[in-house]
Ligand code: IP8
């Protein structure tokens, strides 16, 4: 069965957690407001969570993102990363269900395997069946077993791109803590210019300028995000990167209305 109007929304970790605070702390007010915005969507929905404080702090401690870290050290980080990401995902699940949006968490660790940091096996039938059962799916960036490195981080952006292709998702909205993709890193240069549309005419220029995330981010920040999303956008998949900290923008995108963001069009 083809899921009509299937929409994927990525909740950036820096919006739903307090990324600079240790131990990791969820940002309850933001999660509750976002749940209300998500509730306005009619139709099947996948919500992908970034790691934020819960994923990236622990990943950093165990040497993820550093190619010289031995597999034993990476493997020893699995329990803490999984524990933290489970806490975060349950917080979001609770908020969505409390706002009348039936949803369940499907964690990648239990079914996804990686090969040298890339997806080797990612079964999606259970995700599809859950959506067909009228339940929103919450899935999150995770640590996964890797047959080369021992363990690797699977980022929420990589999950978003993979699922968008595998499930033929029509709309992909990537929520971050900035207004979209800028010509330069807006955390480093507050006067950086927002790029409203990325297409074949400015793709290379944008990719050269998009900066890394300002805080601890083992999965590559905005430059990698932009690269992966550019590969995804096509005639049937709409892609937008937007500011999820700004109330109402997600609601506008879900309703098909215009709002401040970067649209990726190919
Ligand atoms: O924040 C990373 O996901 P991202 C997930 O989407 C972990 O890059 C566990 C660090």
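The values are calculated or read from the model by the stated rules, or taken from the named source; none is laboratory data. In this text the structure is predicted, and so the values were computed from the model without any measurement. Here Cβ is always computed from backbone atoms with ideal geometry, including for glycine, and neighbour counts include all displayed protein chains.
Among the residues examined, residue 6 qualifies as more than 14 Å from the chain's Cα centre (by Cα) and farther than 14 Å from residue 174 by Cα. Quick check: is even one residue across segment 164-175 in a helix (DSSP H, G or I), within 16 Å of the ligand (Cβ to nearest atom) and buried (at least 22 other Cβ atoms within 10 Å of the Cβ)? Yes - at least one qualifying residue is present in segment 164-175.
Taken together, the residues in segment 117-133 that are in contact (Cβ under 8 Å) with a residue 40 or more places away in the chain and either in a helix (DSSP H, G or I) or away from the ligand (no atom under 16 Å from the Cβ) (or both) amount to 5.
How many residues does segment 223-239 contain that are within 13 Å of residue 165 (Cα to Cα) and touching a strand residue (DSSP E or B) at 6+ places or on another chain (Cβ under 8 Å)?
Residues flagged as within 13 Å of residue 165 (Cα to Cα) and touching a strand residue (DSSP E or B) at 6+ places or on another chain (Cβ under 8 Å) within segment 223-239 amount to 7.
Just one of (1) away from the ligand (no atom under 16 Å from the Cβ); (2) closer than 13 Å to residue 151 by Cβ; (3) without any contact (Cβ under 8 Å) to a residue 12 or more places away in the chain fails for residue 97. It is (2). Listed by first and then second residue, the pairs linking a residue in segment 65-80 that is at positive phi to a residue that is assigned to a helix (DSSP H, G or I) and buried (at least 16 other Cβ atoms within 10 Å of the Cβ), with Cβ atoms under 9 Å apart and 6 or more places separating them unless they lie on different chains, are 65/56; 65/59. Applying the set (1) more than 19 Å from residue 155 (Cα to Cα); (2) modelled with pLDDT of 95 or more to residue 51 leaves exactly one unmet item: (1). Residue under question is residue 196, and the condition is that it be under 17 Å from residue 242 (Cβ atoms), away from the ligand (no atom under 12 Å from the Cβ) and modelled with pLDDT of 90 or more; does it hold? The answer is yes for residue 196.
Being modelled with pLDDT under 85 and part of a helix (DSSP H, G or I) is true of residue 208. Restricting attention to segment 140-162 and to residues that are within 8 Å of the ligand (Cβ to nearest atom) and closer than 16 Å to residue 61 by Cα, the residue that is surrounded by the most Cβ atoms within 10 Å (Cβ to Cβ) turns out to be 143. Only one entry of 114, 87 meets the criterion of being surrounded by 16 or more Cβ atoms within 10 Å (Cβ to Cβ), touching a residue at least 40 places away in the same chain (Cβ under 8 Å) and within 16 Å of the ligand (Cβ to nearest atom), and that entry is 114. Being modelled with pLDDT of 80 or more, assigned to a loop (DSSP other than H, G, I, E, B) and surrounded by 17 or more Cβ atoms within 10 Å (Cβ to Cβ) holds for only one residue in 191, 185, and it is 185.
The listed residues are 106, 159, 78, 153, and the only one of them that is at pLDDT 95 or above and over 16 Å from the mean Cα position of the chain (by Cα) turns out to be 78. The set of residues in segment 59-68 being modelled with pLDDT of 95 or more and more than 23 Å from residue 24 (Cα to Cα) consists of 68 alone.
Based on this model, can you work out whether residue 8 counts as more than 16 Å from the ligand (Cβ to nearest atom), surrounded by 14 or more Cβ atoms within 10 Å (Cβ to Cβ) and outside any helix (DSSP H, G or I)? So residue 8 fails the test.
Looking at residue 141, is it touching a helix residue (DSSP H, G or I) at 6+ places or on another chain (Cβ under 6 Å) and over 29 Å from residue 99 (Cβ atoms)? So residue 141 does not fit the description; no. The residues in segment 24-73 that are within 12 Å of the ligand (Cβ to nearest atom), crowded, with 21+ Cβ neighbours inside 10 Å and part of a helix (DSSP H, G or I) can be counted, and the count is 8.
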